[in-house]
Amino acid sequence: MSFRLKLASIWLPDFILRRELDNVSRKTINGLDDLLKEYAPSKMETFIKNHEISKGKLGQRRSSMAMAHNKRVKILIQELGCEKAVKIGRKSMFEVGFKLGQEARRKLGVGDNFNDLELAAGILYKILGIEFKIENKEGNMFMIVNRCSLSKYYSPESCMILSAADEGVVYGLNKNMGMRFKERITEGAPECIACINEVKI
């Protein structure tokens with residue numbers, strides 16, 4: 001385990017949390033904007049790029065990001081229908097998440113073991129205001145999210161699309177591991193549940 005990863009897992013000052021949240025916000029919003037340019041160019045004038053990133057406290061920035069995601073997802077669904085919008089949205093957000101995961105891997109010095117992956121995921125989820133635990137059930141690894149600050153803002157469709165970014169982050173942190181959400185709070189589940197598996201090559 002690198003010193004940077006260990007230190008960040010113990011303590012992150014507020015200004016770093018804000019900076020990293022703004023980075024996640026910018027990249028996910030830009031990813032959705034790229035989809036709007038391709039599939040709904042006439043609606044792009046509705047948005048001014050990057051101006052929706054709040055400069056307030058962490059909670060304000062998180063809610064601002066989630067609402068910006070919601071607006072874009074709604075337009076994609078209007079233009080493409082729900083099934084296609086979710087499909088292309090998830091593909092795009094997985095790619096965004098993968099790059100974020102690779103970036104975090106370099107910054108934090110994340111190794112290839114599961115403990116490093118868990119610590120790094122904890123750091124990234126702290127930025128988003130998400131609390132989780134890892135459970136091993138009969139040899140299968142599950143991530144259980146019992147608190148998500150974004151769930152009170154997201155529509156079910158937005159959560160379905162943006163959760164692909166989380167899945168991409170895990171793959172970016174460790175290409176030997178893959179994650180897939182099975183249940184989501186935004187769809188009425190008491191907790192979000194994601195299965196984490198070793199990627200078979």
- The number of residues in the stretch 1-22 that are touching a residue at least 40 places away in the same chain (Cβ under 8 Å) and not in a loop (DSSP other than H, G, I, E, B) is 11
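A quick yes/no check of all residues on (1) more than 20 Å from residue 168 (Cα to Cα); (2) of a type in the set (A, V, I, L, M, F, W, C); (3) in contact with a Pro (Cβ under 6 Å, 6 or more places away or on another chain); (4) modelled with pLDDT under 95:
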site	(1), (2), (3), (4)
55	yes, no, no, yes
64	yes, no, no, yes
77	yes, yes, no, no
81	yes, no, no, no
93	no, yes, no, no
97	no, no, no, no
- Task: Go through the stretch 170-182 and give me each residue that's in contact with an Asp or Glu (Cβ under 7 Å, 6 or more places away or on another chain) and either more than 26 Å from residue 113 (Cβ to Cβ) or open to solvent by 50 Å² or more (accessible area, probe 1.4 Å) (or both).
- Result: 176, 180
- Message: Cβ-Cβ under 6 Å, sequence separation 6+ or interchain: first residue in the stretch 139-153 and open to solvent by 40 Å² or more (accessible area, probe 1.4 Å), partner among the hydroxyl-bearing types (Ser, Thr, Tyr). Which pairs?
- Response: 153/63
- Message: For the stretch 83-95, check the following and say yes or no: at least one residue is in contact with a Lys or Arg (Cβ under 8 Å, 6 or more places away or on another chain) and farther than 19 Å from residue 197 by Cα.
- Response: no
- Note on the structure: Filter the stretch 183-201 for residues that are open to solvent by less than 30 Å² (accessible area, probe 1.4 Å) and in a loop (DSSP other than H, G, I, E, B); the one that is nearest to residue 134 (Cα to Cα) is 184
- Item | Filtered residues of the stretch 95-118 (kept if in contact with a helix residue (DSSP H, G or I) (Cβ under 6 Å, 6 or more places away or on another chain) and open to solvent by 50 Å² or more (accessible area, probe 1.4 Å)) | 102, 105
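Kindly indicate whether residue 132 is closer than 24 Å to residue 64 by Cα, in a strand (DSSP E or B) and open to solvent by 20 Å² or more (accessible area, probe 1.4 Å). Steps first, please.
On the way: closer than 24 Å to residue 64 by Cα: yes; in a strand (DSSP E or B): yes; open to solvent by 20 Å² or more (accessible area, probe 1.4 Å): yes.
It is true that residue 132 is closer than 24 Å to residue 64 by Cα, in a strand (DSSP E or B) and open to solvent by 20 Å² or more (accessible area, probe 1.4 Å).
The values are calculated or read from the model by the stated rules, or taken from the named source; none is laboratory data. Here the structure is a predicted model, which is why all the values come from computation and not from measurement. No Cβ is skipped: glycine too gets one built from the backbone with ideal geometry, and neighbour counts run over all protein chains shown. Note: areas computed on protein heavy atoms with side chains; ligands, DNA, RNA excluded. Shrake-Rupley method; radii C 1.70, N 1.55, O 1.52, S 1.80 Å.
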